[in-house]
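Below is one structure, written out as structure tokens, with a few remarks after it.
The values are calculated or read from the model by the stated rules, or taken from the named source; none is laboratory data. Predicted, not measured: the structure shown is a model, and the values here were computed from it. Backbone-built Cβ (ideal geometry, glycine too); neighbour counts: all protein chains shown.
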Amino acid sequence: MKVLAINSSPRMDKGNTDLILQPFLDGMREAGAEVDLFYTRNLTINPCIGCFHCWLEKPGECCQDDDLKMLFPKFKEADIQVWATPLYVDGMTGPMKNLLDRIIPLAEPFIVLRDGHCRHPARSGKKDIKVVLVSNCGFWEMDNFDPLIAHIKAYCKNLDGKFAGALLRPHGEAMRPMMEMGLPISDIFEAAKEAGRQLTADGKMKPETLGTVSRELVPMDMWIEMANGYMRDTLERVEGSS
């Protein structure tokens with residue numbers, strides 16, 4: 001089983017999204033998956049220019065010479081796609097959307113009806129590709145992820161793939177301070193790893209496992225007080241040093 005993981009956090013392996021992504025991928029590897037992980041910050045991916053060269057001039061080939069050429073074969077081979085992004089303005093980061101816009105060479109230009117809806121068929125003809133979302137949010141509530149989940153589910157329908165679930169971490173900025181204080185949150189990372197094992201071995205992740213990944217870290221009022229206090233202290237230090 002081949003897995004292609006994309007992390008669009010600008011903080012890459014130092015970000016809170018990666019705290020959940022890495023144990024998830026470790027669990028997949030332990031269950032026998034072959035995993036390729038890429039950070040968009042390390043990739044050169046230009047915006048789509050809407051020329052349809054990949055559909056009408058050289059089918060399946062983008063006219064732009066950048067890192068997508070390296071990624072296209074990996075997309076074609078992957079049984080599971082993992083899209084990891086912090087929540088930016090109710091959605092994915094710009095680099096991730098940019099990458100999604102550029103993978104239309106993987107689709108045919110023709111229109112077919114699938115489940116009564118207009119779609120493009122996949123060029124590879126590969127079926128049942130599973131798609132997983134991994135995301136981190138600074139806000140406390142889970143429903144902040146709803147627009148992003150809706151987008152990824154729509155992508156799955158266009159891909160003719162299957163949305164396999166999401167590892168979501170609300171008020172994720174609390175994780176590193178809690179780790180530094182030695183507070184007990186290791187169950188979250190253990191659950192992320194278990195979700196990776198489950199998906200690879202069983203083809204699905206248990207709701208209770210995903211629930212542990214998203215569990216409350218601190219009460220809402222405490223989180224708001226902590227976050228605002230950190231921002232006030234930081235601003236005071238900056239003003240004091242200027």
Among (1) farther than 24 Å from Asp13 by Cα; (2) in a loop (DSSP other than H, G, I, E, B); (3) of a type outside the set (S, T, N, Q), there is one condition Asp66 misses while meeting the rest; what is its number?
(1)
Report the residue count in region 173-214 for those that are surrounded by 13 or more Cβ atoms within 10 Å (Cβ to Cβ) and within 21 Å of Val82 (Cβ to Cβ).
24
Of (1) at pLDDT below 95; (2) surrounded by 17 or more Cβ atoms within 10 Å (Cβ to Cβ), Leu99 fails just (1)
Quick check on region 157-172: of everything there that is in a helix (DSSP H, G or I) and buried (at least 20 other Cβ atoms within 10 Å of the Cβ), which residue is modelled with the highest pLDDT?
Gly172
Please go through region 74-93 and pick out each residue that is surrounded by fewer than 18 Cβ atoms within 10 Å (Cβ to Cβ) and touching a residue at least 24 places away in the same chain (Cβ under 8 Å).
Lys74, Lys76, Glu77, Asp79, Asp90, Gly91
Could you count how many residues in region 107-136 are among the charged types (D, E, K, R), more than 21 Å from the chain's Cα centre (by Cα) and closer than 12 Å to Lys157 by Cα?
3
Which pairs do you get when a residue that is among the hydroxyl-bearing types (Ser, Thr, Tyr), found in region 183-209, comes within reach of a residue that is surrounded by fewer than 21 Cβ atoms within 10 Å (Cβ to Cβ) and not in a helix (DSSP H, G or I), reach meaning Cβ atoms under 8 angstrom, with the pair 6+ apart or on two chains?
Thr200/Met1; Thr200/Ala31; Thr200/Gly32; Thr200/Ala33
